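To start, the structure itself, in structure tokens.
The values are calculated or read from the model by the stated rules, or taken from the named source; none is laboratory data. Quick caveat, the model's predicted, so the values are computed rather than measured. FYI the Cβ positions are ideal-geometry reconstructions off the backbone, even for glycines, and counts take in every protein chain you see. When the accessible area is computed, the model is the full protein with side chains, heavy atoms only, and any ligands, DNA or RNA have been set aside. Shrake-Rupley method; radii C 1.70, N 1.55, O 1.52, S 1.80 Å.
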Amino acid sequence: MSPAPSATAAAGGKVILLGEHAVVYGSPALALGLDRGATASVRLAQRTGLSLGGQHYAIDAGKLSSAEPAVALAFRALLGALGAPSVMAEASLQIPAGAGLGASAALGVALARAVVELTGGSPDVPLGEAVSRAAMVWENVFHGNASGIDTAAAEQGGCLWFTRSEGARPLAVGGAMQVSVALVEPGASTLRMVEAVAERRRADRRGVDLVIDSIADLARRARQAISLGDFTELGRLMTQNHQLLVELGVSTPGLDQACGWAIQAGALGAKLTGAGGGGCVIALVDDRTRPVVVEAWARRGLTCLEARCAATQP
Ligand code: PMV
């Protein structure tokens, strides 16, 4: 008997350089793709299932229960969006989950790409669009009201300008841009952090909208700084963005401290990245400051990710 047809695909994680949370309300944000994220392979099978991180999720087409793990619900939704047959999937992550690095989006994009590669997709929908849609369906199971920046970064990589209304645009970077990442503490759920900001906004609409507008302004200036290769300015804007995220209530003492250590060690700027409530911080560095910043973090027991952020020149 010949083996069942199979397909394998990958997608990258991301860091958000500026604009998280504000992007949910329509403001622009800047993301940088990581060169590692998730891989997935799928094969046609009698029954649908997903193996991930040592766990196997059996997905029964007949039953739909909110008691099912989110991963199972998300995979079922992704397959439904693609009109896919029964498949057995195996996926793995090369970045930590729930730390603001876009692990769930990378998984969704890798799985959707593998399924589309296996089935050939549908003749009416361009393959890239089918992957985007299915990955968003997956992502919304975890995030509720995802802006789409994580899935866009997982699909495209490089340096991106993103708005909810217009999606992602690749940005030309006017020089070598280096970002170091430190895993500070376990992350909080993105869904919960996005909801916490919404709750704060319900209580103080004017105050929170002012912060959101200020973040949007920083993101616009950062876009300009990136295209000019003015990384001193970009770093300053990132650090200011962190302060505004503190005002939004999504930072933690651990994240603030890790940013401070990076700045003391010579980073051009530092901020939390992603939803906050824990997770990672990023620091804008250069060849000279990268080892000093990484050493300063490592000395305090922080895990520094070796994932490199590759800026592209479109
Ligand atoms: O998935 P995370 O933790 O990288 O957060 C994504 C960024 C948010 O702006 C907080 C949410 C979103 O959907 O844009």
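Here are some notes:
- Scanning the range 260-283 for residues that are within 26 Å of Ala146 (Cα to Cα) and away from the ligand (no atom under 16 Å from the Cβ) turns up Ala270, Ala283.
- Comparison of Phe162, Phe142 shows that the only residue that is within 10 Å of the ligand (Cβ to nearest atom) and modelled with pLDDT of 95 or more is Phe162.
- Odd one out for Cys159, checked against (1) closer than 18 Å to Ala29 by Cα; (2) surrounded by fewer than 18 Cβ atoms within 10 Å (Cβ to Cβ); (3) of a type outside the set (Ser, Thr, Tyr): (2)
- Selected residue (criterion: modelled with the highest pLDDT) from residues of the range 290-314 that are surrounded by fewer than 20 Cβ atoms within 10 Å (Cβ to Cβ) and of a type in the set (Val, Ile, Thr): Val292
- The test for being without any contact (Cβ under 8 Å) to a residue 40 or more places away in the chain and either open to solvent by 60 Å² or more (accessible area, probe 1.4 Å) or away from the ligand (no atom under 15 Å from the Cβ) (or both) does not hold for Ala134.
- Residue list for the range 210-232, restricted to those being acidic (Asp, Glu) and either within 16 Å of the ligand (Cβ to nearest atom) or open to solvent by 80 Å² or more (accessible area, probe 1.4 Å) (or both): Asp213
- Among the residues of the range 136-160, just one is in contact with a Pro (Cβ under 8 Å, 6 or more places away or on another chain) and assigned to a helix (DSSP H, G or I), namely Gln156.
- Looking only at the range 28-55, and only at residues there that are within 13 Å of the chain's Cα centre (by Cα) and open to solvent by 30 Å² or more (accessible area, probe 1.4 Å), the one that is nearest to the ligand (Cβ to nearest atom): Arg36
- Test for Leu73: is it open to solvent by 10 Å² or more (accessible area, probe 1.4 Å), touching an Asp or Glu at 6+ places or on another chain (Cβ under 8 Å) and either within 16 Å of the ligand (Cβ to nearest atom) or not polar (S, T, N, Q) (or both): no
- In summary, Val194 fulfils each of the numbered conditions (1) away from the ligand (no atom under 14 Å from the Cβ); (2) open to solvent by less than 30 Å² (accessible area, probe 1.4 Å); (3) in a helix (DSSP H, G or I) with the single exception of condition (1).
- Only one entry in Gly266, Gly301, Gly260, Gly254 is over 22 Å from Ala29 (Cα atoms), in contact with a Ser or Thr (Cβ under 6 Å, 6 or more places away or on another chain) and of a type outside the set (A, V, I, L, M), namely Gly266.
- Of all residues in the range 87-131, those that are in contact with a helix residue (DSSP H, G or I) (Cβ under 7 Å, 6 or more places away or on another chain) and crowded, with 24+ Cβ neighbours inside 10 Å total 13.
- The residues of the range 16-27 that are more than 8 Å from the ligand (Cβ to nearest atom) and either over 12 Å from Leu218 (Cα atoms) or of a type in the set (Asp, Glu) (or both), listed by number, are Tyr25, Gly26.
- Single match in Gly301, Gly266, Gly260, Gly277 (criterion: farther than 14 Å from Leu17 by Cα, out of contact with any helix residue (DSSP H, G or I) (no Cβ under 9 Å at 6 or more places or on another chain), outside any helix (DSSP H, G or I) and not basic (Lys, Arg)): Gly301
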